[in-house]
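These notes are about the structure you will find just below.
Rule-based calculations on the coordinates, nothing more; no lab input. Model, not experiment: these values are computed from the prediction. Glycine gets a Cβ as well: all are built from the backbone with ideal geometry, and neighbour counts include every protein chain shown.
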Amino acid sequence: MVYLKKHIHIALGYFLIIALLGLILRLFTVMVIPANYKYIVHAHSHIALLGWAYTALTTLIYKIYLAKKEISRTYKIIFCSTQVTIIGMLVTFPFTGYALFSIIFSTLFLLTSYWFVWFFITHTTKKQKSTLSYIYIRTSLYYMVLSSIGPWALGAIMNTLGNTSIWYKIAIYFYLHFQYNGWYTIALFGVFFYILEQNNLLISKIKSKKLYFALQTGILFSFFLSVLWAEPHPVFYILGGAGAIFQIIAYYIVVKIGLEYQFILYKHLTCIEKTLLKIVLVLLGFKIALQAISAIPYFSKLAYSIPDFVIGYLHLTFLGVVSLCIFAFLGHLQLLRLSKVSVLLFLIGFFGSELLIIYKGLATWLQFSLFPYYFISLAVISSFMIIAILHLLLCQTKPKHLLIRTKTAKK
């Protein structure tokens, strides 16, 4: 258990680094920075997805399914191997971008992630495999493997068609879609269902089958929403729209499940955890609504033509839905000491930066001027997330009797 907490601290360390890199990207518009903007973007995105989110989620998965087995040595080898690849990307991408060594480390990361998938499936018991939570976790890992087709394809596309090709962008969107909407989202559903199962709150088979079908159909079909900017055949608009509809249906079922078990489940959650999950549920609904709107040709072109809308959507999903949910689950499973101050600072930084990013997108769309000192304001509000993560890391060193998580907080 102790080493798993250390692994989460490492994941938080990556989160702090990507927040700092994000601030540097903001400062490019207000001062001269002796660095390559694109290279910093590459480092920021890779460490966000593979450092913070991947490390946190795989640690959660190991904790709830495999931690009690006599296999910790193998897991530690997989974990350390993975960290070597992540650190390799961290020290190469900011200085070289996509080059020999960064590509080598990225490739090795994919191989270690496959190793983890094999490790998980091999060592789970027959009883565990019969649970709803396991089905979701296993499916999420399959999505992670599926998403890796994107990076594998990039090399061939760059060597044949070049990085200005439509297929180059489609490969990137393929990877991002199945990372965000497949791997991360379904894994978090799996952890949520595990918590329900641990508290003997079982979902009916009919409802669970409907939810699973709606989610998977929605994820697969909604990928086509990511290619509408290329103005493909009308059938792709229909498929993308169908994916959006299935995601709305899945969200409706999730809300019903949440309302059905909220009073019983809330007895087992702290105030911070309850607040975070409520925010996540609202943000998830907003995310799905945005996806549905993007099925309309006008808005699909608009989103692609204005980068701020794309950035805002990606941050909404990654920082809002995924990261806040990870915080809640890490706190509940006692892998992370949550602090009200840290969470509040993070929410201020997240919502403040989201509003400013969308405001800039609207200014580009509707052709009005930005208010004075916009870029400085964005940098300042983004720094709240840095302070929040740093404060959260410092909270992990506090004595046990100073923990925020108390019996009183659970009431």
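Each of Thr275, Ile253, Phe263 was placed along the dipole of the stretch 200-336 (beta-carbon charges, centred on the mean Cα), and the one lying farthest toward the positive end is Phe263. Listed by chain and number, the lysines whose alpha-carbon sits under 19 Å from that of Lys38, ignoring those within fewer than 8 places in the same chain, are Lys169.
Pairs exceeding a 24 Å alpha-carbon distance, out of Lys5/Lys287; Lys205/Lys256; Lys5/Lys340; Lys63/Lys205: Lys5/Lys287; Lys63/Lys205. Enumerate the aspartates and glutamates that Lys210 could reach by cross-link, defined here as Cα to Cα under 17 Å, with residues fewer than 8 away along the same chain left out. Here the aspartates and glutamates satisfying the reach criterion relative to Lys210 are Glu260. Rg over Rh for the stretch 23-120 works out to 1.09, using Cα positions for both radii and the Kirkwood form for Rh. Here the dipole of the chain is about 1680 debye; that uses its Cα centre as origin and unit charges on the Cβ of Lys and Arg (positive) and Asp and Glu (negative). Converting phi to 3J(HN,Hα) with the Karplus coefficients 6.51, -1.76 and 1.60 and the offset θ = phi - 60°, the stretch 28-37 yields 4, 8, 10, 7, 7, 10, x, 8, 8, 4 Hz in sequence order, with x at every glycine or proline.
Listed by chain and number, the aspartates and glutamates whose alpha-carbon sits under 15 Å from that of Lys76, ignoring those within fewer than 8 places in the same chain, form an empty set.
Give me the net charge for the shell around Leu378: Cβ to Cβ below 12 angstrom, other residues only, Lys and Arg +1, Asp and Glu -1. Once positives and negatives cancel, what remains is 0. A simple packing score, the average count of other Cβ atoms within 10 Å per residue, orders the peptides 359-372, 309-322 as 309-322, 359-372, with the highest score first. Projected onto their three principal axes, the Cα atoms of the chain cover extents of 53, 48, 41 Å, largest first. Between Gln128 and Glu260, residue separation times 0.36 nm minus the direct Cα-Cα distance comes to 45.1 nm.
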